[in-house]
Amino acid sequence: MKKLLALLLAFCLAFCGGTSAFADVASTVAVASTGTFQIDNTSIAIKIGESAVLTAYENGSPTMNATWTVSNPSIATVSNGLVTGHQLGTTAVTATNSAGESVTCYVHVILKGIDVSSWQGNIDWGTVKNQGIDFAIIRTGYGKTAPEVQTDAYFEQNYSGATANGIKVGAYHYSYAENVQDALQEADFCLSILNGRKLDYPVFYDIEDTIHRTMDADLMADIVEAFCGKMEAAGYRTGVYSSVNIFNSNLSSPRLDKYDRWVASWGKDVPNFNKAYTIWQYAYGTLSGVNGNVDLNYSFKDYSQAGTPVNPSTPSTPTLTCDTSSYTFGSNDVYYYKVFTSSATQPTATSSNPSAVSVTFGKKVSDGYIFQINNVGAGTATITTTTAEGASVSFQATGNRSASGSKLTCDTSSYTFSNNSVYYYKVFTDSIVQPTATSSNPSVVSVTFGKKVSDGYIFQINNVGTGTAVITTTTVDGASVSFQATGNKSIVSKPTLACDTTSPYTFGSNSTYYYKVFTNSATRPTATSSNPSVVSVTFGKKVSDGYIFQINNVGTGTAVITTTAADGSSVSFQATGTKSTSTSSPLKCDTTAPYTFGSNSSYYYKVFTTSATQPTATSSNPSAVSVTFGKKVSDGYIFQINNVGTGTAVITTTTADGSSVSFQATGTKASSGTAPSSGSLVCDTTYPFTIKRGNVYTFLFTPKGTVGTPQFTTGNSNVLITAGLKLRNGSYLLTVKGVGTGSTGVYATIPGQAPINYCTVNVQ
């Protein structure tokens, strides 16, 4: 299928509290950020019942001081960054810090799938299944007229392999239809290939060919309805596959709303699409068991079960009903009511008059939640139960308890800590509402609730420091009892911090050195260098008794390395770098004399350097000779120059420290050297656009007439490189990747013609 825009994704497997997490995240972690406040992902995908962890950062360090919320808890819930999937769909998880800054991550609860064709060749379906793949959409073929050519050669093999390994199967048929008659013939062709086979997922009509991009919406609707109608008459469910752009234009007719949509939108946190879709093709990447790259998909509908499609963009709000319309207490002091809801998050319950009737949570049950109301005093209260999504239900409750007050006594009149740090006291009361307990001096003695017992409540006091505190316990009707508690614990010192390197350190022939700080702090210390251009410092790892850090010899001079714990304590030592900036990355080239192309179109040169950072290479005249990166070798780097046209260019290779080498290269490919081609190339993308560094984009070049074998280059390989080229159905799929910041052109050269800049790409 046509690749529109891709963000390369990797698969990670995490373990959260013993629960395996099936979470897809960006291989180069995408960070949601307000500047100082961040979370480590902008988009994750998990399966139902699985979990993934989101981490919040304040000024670059992990923080627990974040409040986590979720827009639709029926889809996923979050607790301190731990996200758990409950229902297929998409929801937003938001972290908010104490300053009110908020950052959001989209959470997709999904079934995981791929779509395949003969382009993937032989697939190890057992290995694919073990990667967590739930479904596969398999190409039947394309077009209508040449079964011996247009039937996908691997359909039979892929169908058998997927079904044999328990993978749910659907199909897609690539269309070239220009009218209704063509669509009907393509349906007949698709049915002949399926030959009555059972499918779990629909048959999707693949609408993305160049010819479809010029059709009006009504004609396109006629074509889709013709194909899908014939497939449905044969007993198959149907849907439509395309890109967001085509769905928003050529496939925008409301007549097509009755079909499930399978939308291609790469490199996005969530598709920029405002209609319902059931499958999202989110990336073009690698998967064990499949040779080369393969389309990666999320399904928001389990087609093996009945029910309406899930709309990931507008998930529904859970409903809420109650089994009680009103209640008046008799001789009892406790009554239980139930709310029915599909919300996965516990609702909240409040009383308008808790001195008369209070309310507490009971438990979760299969179809809702149980709450308890308590007869506290005389009077009427409105009991309101509210879901996280905002739905609420209320009823009136009337208490009849005498206002004479609760009896309250305590088993402790005073207490002094000795060697222990904890003491339990008991208050006796007939109050059915838990009393509150406070300490007049919690820096000396703190107090926390323990448990309810048959005749009262247990509380715990804790020896925090030295001094005296008054512990007061109070019932809901105002009765209270107090005693004095004396603590004897010396003020606990801050976590110790020591370093295994205290004397100045001077680099020799080595470029790195590891030092260790010993601390009982559970929070990782931070490390800084006073002169990072000479000696830099990076975190290494946590060890049982502290943390390892690495310092790096960057240049010549002295720096102070300071490591600081979360409580503010710090240790420092002096480090001296010895690396000369003038010789840190010596650079030479195996090509110094001018190079002139002969009959060849490419030439490889090598630069020798000790730099661990890949040098950059530029051409002064890329329309004559272009340059692209080849590979890293043991003693340097290989680059490729390409004969694009006629003329001379200076090829310059530059290391990160600014040293460079150059040579002259002369291209001999004359635009008039061969008979001019009668053909041309049509590119699907000609308007300038912007991608992020590390992202890729795929152009579709369609030959018109006889063009021979075209060559594709970028104007500046330091900004944009060619990352892949495929010939598919007579057209060329050119994938480019942003590697630096700036703007450059995408060039195609037909034999015998001059290079043409088809599009300008901005890389940020």
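The values are calculated or read from the model by the stated rules, or taken from the named source; none is laboratory data. Worth saying up front: this structure is predicted, and the values here are computed from it rather than measured. All Cβ positions, even for glycine, are placed from backbone atoms using ideal geometry, and neighbour counts span all protein chains on display.
For the reader, a short list of remarks on this structure follows.
- Every residue from the stretch 254-279 that is under 27 Å from residue 39 (Cα atoms) and in contact (Cβ under 8 Å) with a residue 60 or more places away in the chain: 264, 265, 266, 267, 268, 269, 270, 279
Results for (1) more than 28 Å from residue 757 (Cβ to Cβ); (2) part of a strand (DSSP E or B); (3) within 38 Å of the chain's Cα centre (by Cα); (4) not assigned by TED's automatic domain parsing to the domain that holds residue 536, shown as yes or no for each residue.
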site	(1), (2), (3), (4)
621	no, no, no, yes
639	no, yes, yes, yes
656	yes, no, yes, yes
664	no, yes, no, yes
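- Sole residue being surrounded by 18 or more Cβ atoms within 10 Å (Cβ to Cβ), without any contact (Cβ under 8 Å) to a residue 40 or more places away in the chain and among the β-branched types (Val, Ile, Thr), chosen from 244, 240: 240
- Here residue 622 passes the criteria (1) surrounded by 22 or more Cβ atoms within 10 Å (Cβ to Cβ); (2) in contact with a strand residue (DSSP E or B) (Cβ under 6 Å, 6 or more places away or on another chain) except the one numbered (2).
- Strands (runs of 3 or more DSSP E) contained entirely in the stretch 405-447, each with at least 2 residues that are β-branched (Val, Ile, Thr) and touching a residue at least 24 places away in the same chain (Cβ under 8 Å): 422-429, 436-439
- Taken as a whole, the condition of being modelled with pLDDT of 90 or more, over 26 Å from the mean Cα position of the chain (by Cα) and more than 24 Å from residue 242 (Cβ to Cβ) applies to residue 123.
- Within the stretch 333-386, the set of residues being buried (at least 22 other Cβ atoms within 10 Å of the Cβ), out of contact with any Phe, Trp or Tyr (no Cβ under 9 Å at 6 or more places or on another chain) and modelled with pLDDT of 85 or more comprises 356, 358, 381.
- Only listed residue being hydroxyl-bearing (Ser, Thr, Tyr), closer than 21 Å to residue 390 by Cα, modelled with pLDDT of 85 or more and in contact with a Cys (Cβ under 9 Å, 6 or more places away or on another chain), chosen from 91, 77, 84, 96: 84
- Restricting 501, 496 to residues that are loosely packed, with under 15 Cβ neighbours inside 10 Å and closer than 30 Å to residue 558 by Cβ narrows the list to 496.
- Picking from residues in the stretch 585-608 that are in a loop (DSSP other than H, G, I, E, B), touching a residue at least 24 places away in the same chain (Cβ under 8 Å) and not polar (S, T, N, Q), the one that is nearest to residue 553 (Cα to Cα) is 586.
- Top-ranked residue of the stretch 434-460 - restricted to ones that are surrounded by 20 or more Cβ atoms within 10 Å (Cβ to Cβ), of a type in the set (Val, Ile, Thr) and more than 44 Å from the chain's Cα centre (by Cα), ranked as nearest to residue 375 (Cα to Cα): 445
- The combined condition, being surrounded by fewer than 17 Cβ atoms within 10 Å (Cβ to Cβ) and of a type in the set (Asp, Glu), is not fulfilled by residue 152.
- Single residue of the stretch 539-581 satisfying the filter (in a loop (DSSP other than H, G, I, E, B), surrounded by fewer than 17 Cβ atoms within 10 Å (Cβ to Cβ) and charged (D, E, K, R)) that is modelled with the lowest pLDDT: 567
- Tally of residues being out of contact with any Gly (no Cβ under 6 Å at 6 or more places or on another chain) and within 18 Å of residue 475 (Cα to Cα) across the stretch 353-375: 6
- Candidates 609, 628, 655, filtered to the one that is of a type in the set (S, T, N, Q), within 18 Å of residue 744 (Cβ to Cβ) and crowded, with 16+ Cβ neighbours inside 10 Å: 628
The rows are residues; the columns are (1) outside the structural domain of residue 211 (by TED's automatic domain parsing); (2) in a strand (DSSP E or B); (3) modelled with pLDDT of 95 or more.
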residue: 132; (1), (2), (3): no, no, no
residue: 138; (1), (2), (3): no, yes, yes
residue: 141; (1), (2), (3): no, yes, no
residue: 153; (1), (2), (3): no, no, no
residue: 158; (1), (2), (3): no, no, yes
residue: 162; (1), (2), (3): no, no, yes
residue: 171; (1), (2), (3): no, yes, yes
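- Residue in the stretch 718-727 that is at pLDDT below 85 and farther than 25 Å from residue 118 by Cα present: yes
- Among residues of the stretch 723-759, those that are β-branched (Val, Ile, Thr), surrounded by 15 or more Cβ atoms within 10 Å (Cβ to Cβ) and under 30 Å from the mean Cα position of the chain (by Cα), counted: 5
- Selection from the stretch 16-69 of residues that are surrounded by 13 or more Cβ atoms within 10 Å (Cβ to Cβ), modelled with pLDDT under 80 and under 14 Å from the mean Cα position of the chain (by Cα): 21, 22, 23, 24, 25, 26, 27, 28, 30, 31, 32, 33
- Test result for residue 457, farther than 26 Å from residue 333 by Cα, in a strand (DSSP E or B) and aromatic (Phe, Trp, Tyr): no
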